[in-house]
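The values are calculated or read from the model by the stated rules, or taken from the named source; none is laboratory data. What you are looking at is a predicted structure, and each value in this text was computed from that prediction instead of being measured. Here Cβ is always computed from backbone atoms with ideal geometry, including for glycine, and neighbour counts include all displayed protein chains. The area values use the complete protein model at the heavy-atom level, side chains included, leaving out ligands, DNA and RNA. Shrake-Rupley method; radii C 1.70, N 1.55, O 1.52, S 1.80 Å.
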Amino acid sequence: MMKRARQKVVVENEATQTSQKSKKQKTCSYGSVFGESALHASMDWGSLPHHVILRIFQFLPLVDRARASSVCRRWNEIFHIPDLWRRFEFELNQPATSYLKSTHPDLIQQIIKRHADHLQYVSFKVDSSTESAEAACDILSQLVNCSIKTLGLISTAKPSFMNVSKAHFASALTVVFVNSKSLSSIKVDDTPLDDPSLKVLVANNSDTLKLLKMSSCPHVSPAGILCVADQCHGLKELALNYYILSDELLLALSSEKHVDLEHLRIDVVSENPGQVEFHTIKKQSWDALVKHSPKVNIVMYFFLYEEEFDAFFREETPVTHLYFGRAVSKAMLGRIGMNCPRLIELVVCANGLQPLDDELIRIAERCKNLTAMGLGECEVTCRGFIEFVKMCGGRLTQLSIMEEVLIPDNDYSLDRLHLEVSKHLGRMWFPDMMPTW
């Protein structure tokens, strides 16, 4: 019995030593991952290295960052470091009209008082209420010591900035345009931006402006946007409505002084059929732009009625991306196949009840750069669709076709169609059950 007891003690001691050794190994492995400083910091959060706290704060939402700043004096000091305030999004929503949270008024005042001169990348996200848009303008008016590089005004619902008085909006923008002097990117879609405001922008930021998005700005004239193109020679991206697009603008963007344009977005919109007469852009103007900027993406969004398309694509047009948000006629799609050789992407949300076989085949023949296609409320026979895919082959990287678009015929059922299309694409393909664009 004495011998058995001694053996038991030895076994228990070995087990204890093994357990302690295992714990020590775990501790060492944790230490090797996090380092000794992290282990000590876990006992005293105030002693974390400066750059570690700064990195943590950068990942925290603003509310949590503000709460963390009350942990200790050192964290509060880091909370106010300029690097944390270079990028900021003001969220302005009215409780009665939106469920979204808003930036707290006290924090807004603290930012204006202590960090206005640190802000560089600023956006305002407002709901549909006029009060929120006016609050955004009030904040802009106080940024007298700013050095903003990018500015974005975003309405999450209807364009609430359009309900702000033009004088109030222009005054607020003028403060930023005059004081920044280094703006490179501006997104002010659906706002009462006007020609005088653009002149102020150009006078103070012509050397730095690279991106300007101003679709649906009804107070801007062709002369106003031409002023920007004439003097902002570094402009690389531009978004605007078709009514202010002109031959003079394209030629200004094609001048020797101007850098290569990379992206031109044009919105062609009509709310009341027959009340807008659309002008025609000369082929020579388009040719000049493409000669100057051969890699430019020209994107056109159409929201027109069928009878309003007469002015478009009667001559060769270097458009690369086409989106039709309303019905478009067979004749229009036929002209696209004939006159849009640079086309890369085509999306047709609706057409009618006439099969588009011939039009798609012509597009496949003539548009050798086409890589993406989307069809919604249209009709294409299975045979015609397979012929289109066969002609395009594997270059069709995106093919989004609603199942009800495809009309079975004597040669192909829907089951056989997906196998044939998959074979020509070189990957598995199925028609969509709902739109993906």
| request: Please tell me if SER132 is of a type outside the set (Val, Ile, Thr), touching a residue at least 40 places away in the same chain (Cβ under 8 Å) and surrounded by 23 or more Cβ atoms within 10 Å (Cβ to Cβ). | output: yes
| note | Looking across the range 219-236 at residues that are free of Cβ contacts under 8 Å to residues at least 40 places away in the same chain and farther than 14 Å from SER255 by Cα, the single one that is surrounded by the fewest Cβ atoms within 10 Å (Cβ to Cβ) is ALA223
| note | (1) touching a residue at least 40 places away in the same chain (Cβ under 8 Å); (2) open to solvent by less than 10 Å² (accessible area, probe 1.4 Å); (3) farther than 28 Å from TRP286 by Cα all hold for PRO355 apart from (2)
| field | Every pair of residues 6+ apart whose Cβ atoms lie under 6 Å, when the first sits in the range 60-84 and is more than 18 Å from SER47 (Cα to Cα) and at pLDDT below 80 while the second is in a helix (DSSP H, G or I) and open to solvent by less than 80 Å² (accessible area, probe 1.4 Å) | value | LEU84/PHE57
| request: Kindly indicate whether any position in the range 324-337 is assigned to a helix (DSSP H, G or I), over 21 Å from SER270 (Cα atoms), basic (Lys, Arg) and free of Cβ contacts under 8 Å to residues at least 60 places away in the same chain. | output: no
| note | Being closer than 30 Å to THR280 by Cα, over 27 Å from the mean Cα position of the chain (by Cα) and β-branched (Val, Ile, Thr) narrows ILE344, ILE363, ILE386, ILE336 down to just ILE363
| Residue that is most open to solvent (accessible area, probe 1.4 Å) [pool: residues in the range 191-217 that are part of a loop (DSSP other than H, G, I, E, B) and under 14 Å from ASN241 (Cα atoms)] | SER216
| task | Report whether or not SER141 is modelled with pLDDT under 85 and touching a helix residue (DSSP H, G or I) at 6+ places or on another chain (Cβ under 7 Å). | result | no
| field | Of residues in the range 252-296 being part of a strand (DSSP E or B) and of a type in the set (D, E, K, R), the one most open to solvent (accessible area, probe 1.4 Å) | value | ARG265
| request: Please state which one of LYS125, LYS113, LYS149, LYS166 is assigned by the TED database to the domain that holds SER184, touching a Gly at 6+ places or on another chain (Cβ under 9 Å) and not hydrophobic (A, V, I, L, M, F, W, C). | output: LYS125
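Per-residue answers, yes or no, for (1) open to solvent by less than 40 Å² (accessible area, probe 1.4 Å); (2) assigned by the TED database to the domain that holds ASP415; (3) within 23 Å of ASP432 (Cβ to Cβ):
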| site | (1), (2), (3) |
| --- | --- |
| ILE298 | yes, yes, no |
| HIS321 | yes, yes, yes |
| CYS340 | yes, yes, no |
| MET391 | no, yes, yes |
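For every residue, the table says whether it meets (1) open to solvent by less than 10 Å² (accessible area, probe 1.4 Å); (2) without any contact (Cβ under 8 Å) to a residue 24 or more places away in the chain.
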{"position": "CYS382", "(1), (2)": "yes, no"}
{"position": "THR397", "(1), (2)": "no, no"}
{"position": "SER400", "(1), (2)": "no, no"}
{"position": "ASN410", "(1), (2)": "no, yes"}
| task | Could you grab the pairs with beta carbons closer than 8 Å, sequence gap of 6+ or different chains, first residue in the range 100-116 and within 13 Å of PHE88 (Cα to Cα), second one part of a helix (DSSP H, G or I) and open to solvent by less than 60 Å² (accessible area, probe 1.4 Å)? | result | THR103/LEU62; LEU107/LEU62; LEU107/ALA66; ILE108/ILE139; ILE111/TRP85; ILE112/ILE139; HIS115/PRO82; HIS115/TRP85
| Which one of these does THR371 not meet: (1) within 18 Å of ILE298 (Cβ to Cβ); (2) of a type outside the set (Lys, Arg); (3) surrounded by 20 or more Cβ atoms within 10 Å (Cβ to Cβ)? | (3)
| message | Looking at the range 87-107, can you tell me whether even one residue there is assigned to a helix (DSSP H, G or I), under 30 Å from LEU201 (Cα atoms) and modelled with pLDDT of 85 or more? | response | no
| field | Of all residues making up the range 116-127, the number that are buried (at least 17 other Cβ atoms within 10 Å of the Cβ) and over 20 Å from the mean Cα position of the chain (by Cα) | value | 3
